[in-house]
C-alpha cells in the first residue's frame, strides 16, 4: 500500500515537470521571439522575404523580388507601429519614448530601402537592386537587431 502511495505522489510531482520539459520553446522562427503578436509575425515575414530576395536576385527573378518586397513593405508598416519588447527594460519615461521613436525611425529607413529595392526591381536593374539589398537592407537589419531585438 505504501509503495502505491509513493508512486502516486511521485507521479503527481513528476508529471507537470515532464510536461514542462516537452513544451515547445520560443525560437527565432516563432513569433514569440520578438515579443509575439504582430511584431513577431512581421519580423518572421521580413526574415523570410530577405532570404527569398537574396536567392531571387541571383537568378534575376524580378517577379519574386517584387512579390517579396511588397510583403516586406506590408510587414514593416505593421512593425513600425508596435513597440519592441526590449523597450520594457528602459525604465525612464523620456528614455523609453526616445527608444521607441528610434525603433520607428529605423523601420522608416527600412521602408525607404524597400521602396528603392522595389523601384530597382520594377526597372529590372539587378545591379541597383543588389546594391540596395546588400548595402542598405542588410545594414539596417544588423543595426536594428543590435539596438532593438535584444539577442
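The values are calculated or read from the model by the stated rules, or taken from the named source; none is laboratory data. All values reported here derive from a predicted model rather than from experimental measurement. Cβ coordinates were reconstructed from backbone atoms using ideal geometry, including for glycine residues, and neighbour counts include every protein chain displayed.
Looking only at residues of region 123-140 that are assigned to a helix (DSSP H, G or I) and out of contact with any helix residue (DSSP H, G or I) (no Cβ under 7 Å at 6 or more places or on another chain), we find that the one that is nearest to residue 74 (Cα to Cα) is 138. For the condition at pLDDT 90 or above and in a helix (DSSP H, G or I), residue 46 qualifies.
Residue 27 meets each of the listed conditions (1) in a helix (DSSP H, G or I); (2) modelled with pLDDT under 95; (3) more than 16 Å from residue 141 (Cβ to Cβ) apart from (1).
The residues listed here are 39, 110, 114; of these, the one that is within 15 Å of residue 149 (Cβ to Cβ), at pLDDT 95 or above and crowded, with 18+ Cβ neighbours inside 10 Å is 110. Here are the criteria: (1) in a helix (DSSP H, G or I); (2) at pLDDT 50 or above. Tell me which single one residue 19 does not satisfy. The number of the failed condition is (2).
Results for (1) out of contact with any strand residue (DSSP E or B) (no Cβ under 8 Å at 6 or more places or on another chain); (2) at negative phi; (3) part of a helix (DSSP H, G or I); (4) modelled with pLDDT of 95 or more, shown as yes or no for each residue.
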site: 56; (1), (2), (3), (4): yes, yes, yes, yes
site: 64; (1), (2), (3), (4): yes, yes, yes, yes
site: 69; (1), (2), (3), (4): yes, yes, yes, yes
site: 73; (1), (2), (3), (4): yes, yes, yes, yes
site: 76; (1), (2), (3), (4): yes, yes, yes, yes
site: 83; (1), (2), (3), (4): yes, yes, no, no
site: 87; (1), (2), (3), (4): yes, yes, yes, no
site: 91; (1), (2), (3), (4): yes, yes, no, no
site: 105; (1), (2), (3), (4): yes, yes, yes, yes
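Only one of the listed residues (75, 120) is in contact with a helix residue (DSSP H, G or I) (Cβ under 8 Å, 6 or more places away or on another chain), without any contact (Cβ under 8 Å) to a residue 40 or more places away in the chain and under 16 Å from residue 149 (Cβ atoms). That residue is 75.
There is at least one residue in region 129-140 that is crowded, with 17+ Cβ neighbours inside 10 Å, free of Cβ contacts under 8 Å to residues at least 40 places away in the same chain and under 21 Å from residue 38 (Cα atoms).
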